[in-house]
Amino acid sequence: MKRNRFTVIAVIVLVIASLYFLVFKSGFSTIGEKDNEFAVKDTGSITKIFIANKNNQSVTLTRISKGQWMVNGHFIARADCINTLLYTINMVAIKGVIDPRSWNTVIKNLSSSAIKVEIYEGDNRAKVYYVGGETADELGTYMLMANSKTEENYKQPYITYIPGFDGYLTTRYFIKEEDWRDRSVFQYYPYDLKSVSMIYPGADSSFRITIAGRNQFILDNPLTNRKAGMFDTMAVKQYLTYYQSVSWEVTAPTEKEDSIVHSPPFVIMRVEDAKGKVTTVKLYHRWATDNQREKYGIDYKYDPDRMFALVNDKDFVIAQYFVFGKMMQPAAYFFR
């Protein structure tokens, strides 16, 4: 009886030893190697982030000043997206190792569809890792680290997460340049402005507000230069607050640009800030769709939700009335 007991114990010990060797020595964990340090604790030291997929598409995010980044050296990056990415880079942690039964599947998926991430501190490449898909419960993300100097992949992929966040992280490492670029048109406090013009071609409701000083405004018609007499300065002050956060929605289809921008806009906005920077926005109608007419029960000629916009005669985009509509007031707005 004792012999059988010792035999069972010996078998258990051998099984545990085998599992230890399998898990900790053959790739399912790499204790002693720095293959699980995905997080960068000091994100203020990061100067550049390179993200690429398996289709040879990539984006490079470069810090140009405190709180401001460039996308591919062409556009200012969206602050919200940069902040989310930096938070992810800072907080990503290990949730667990891969179940040996799914090892081959995870490695195959990482090899075929993972997103490569390179993180730089100065000119030094500090981190290289690959971001895979989500776990079955969508609460973890498969990641694999590589040597930052040689780019040689470590053997052990991990399940990662952000403590306190329910979801996966893959979508935070996106590639498309358009999704990264800043969409802001106006970001001004009232006294950061010098003048604001709203021009309605062929109409008498155009106006221009010039900020002459604290609580001092000039209201006139930019087409006739005729100054207004008494007007509601509180309405002017309220109106100028509308320029604090104004952004377009998405870029517009380029195949429509020529036909649209060569037609007359129905509104022209011209804003000059206190430093002399001028921003012009030309707004154009979009045709309403049958779905919109059916949805609202009104026979709209033009899209009641969105319009085309040409920003500084350069960026052809789509803007929402919900965002721009509050600024599209007639001159009578200031005489209520």
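The values are calculated or read from the model by the stated rules, or taken from the named source; none is laboratory data. Predicted model only: the values in this text are computed from it and were never measured. Virtual Cβ from ideal backbone geometry, glycine too; neighbours counted across all protein chains shown. Quick note on the areas: whole protein, heavy atoms, side chains included, nothing else; ligands and nucleic acids left out. Shrake-Rupley method; radii C 1.70, N 1.55, O 1.52, S 1.80 Å.
Annotations for the structure displayed:
- Selected residue (only one of Lys275, Lys326 is loosely packed, with under 12 Cβ neighbours inside 10 Å, at pLDDT 95 or above, out of contact with any Asp or Glu (no Cβ under 8 Å at 6 or more places or on another chain) and among the basic types (Lys, Arg)): Lys275
- Considering residues of region 49-73 that are within 17 Å of Glu178 (Cβ to Cβ), outside any strand (DSSP E or B) and in contact (Cβ under 8 Å) with a residue 60 or more places away in the chain only, the residue most open to solvent (accessible area, probe 1.4 Å): Gln57
- Residue match in region 110-129 (condition: touching a residue at least 12 places away in the same chain (Cβ under 8 Å), in a helix (DSSP H, G or I) and open to solvent by 60 Å² or more (accessible area, probe 1.4 Å)): yes
- Scanning region 246-262 for residues that are surrounded by 11 or more Cβ atoms within 10 Å (Cβ to Cβ), of a type outside the set (Val, Ile, Thr) and more than 11 Å from Leu310 (Cα to Cα) turns up Ser247, Glu249, Pro253, Lys256.
- Residue among Asp166, Asp232, Asp182 that alone is among the acidic types (Asp, Glu) and closer than 21 Å to Glu272 by Cβ: Asp182
- Pick from region 284-312, criterion charged (D, E, K, R) and assigned to a loop (DSSP other than H, G, I, E, B), ranking: farthest from Tyr200 (Cα to Cα): Asp299
- Failed item, numbered, when Ala136 is tested on (1) under 25 Å from Thr43 (Cβ atoms); (2) open to solvent by 10 Å² or more (accessible area, probe 1.4 Å): (1)
- Among the residues of region 92-109, the one identified as in contact (Cβ under 8 Å) with a residue 12 or more places away in the chain, part of a helix (DSSP H, G or I) and farther than 24 Å from Glu151 by Cβ is Pro100.
- Any hit, region 181-192, residues being part of a strand (DSSP E or B), hydrophobic (A, V, I, L, M, F, W, C) and over 15 Å from Met328 (Cβ atoms): no
- Contacts under 8 angstrom Cβ, first residue in region 286-300 being open to solvent by 80 Å² or more (accessible area, probe 1.4 Å), partner in a helix (DSSP H, G or I), 6 or more apart: Asp299/Arg293
- Among the residues listed as Val281, Val246, Val236, the single one being more than 20 Å from Ser205 (Cα to Cα) and of a type in the set (A, V, I, L, M, F, W, C): Val246
- Thr88 meets each of the listed conditions (1) modelled with pLDDT of 95 or more; (2) surrounded by fewer than 18 Cβ atoms within 10 Å (Cβ to Cβ) apart from (2).
- Condition check for Asn312: of a type in the set (S, T, N, Q), loosely packed, with under 12 Cβ neighbours inside 10 Å and farther than 24 Å from Tyr189 by Cβ: no
- Taken as a whole, the structure places Phe324 among residues that are part of a helix (DSSP H, G or I), closer than 20 Å to Val236 by Cα and within 24 Å of the chain's Cα centre (by Cα).
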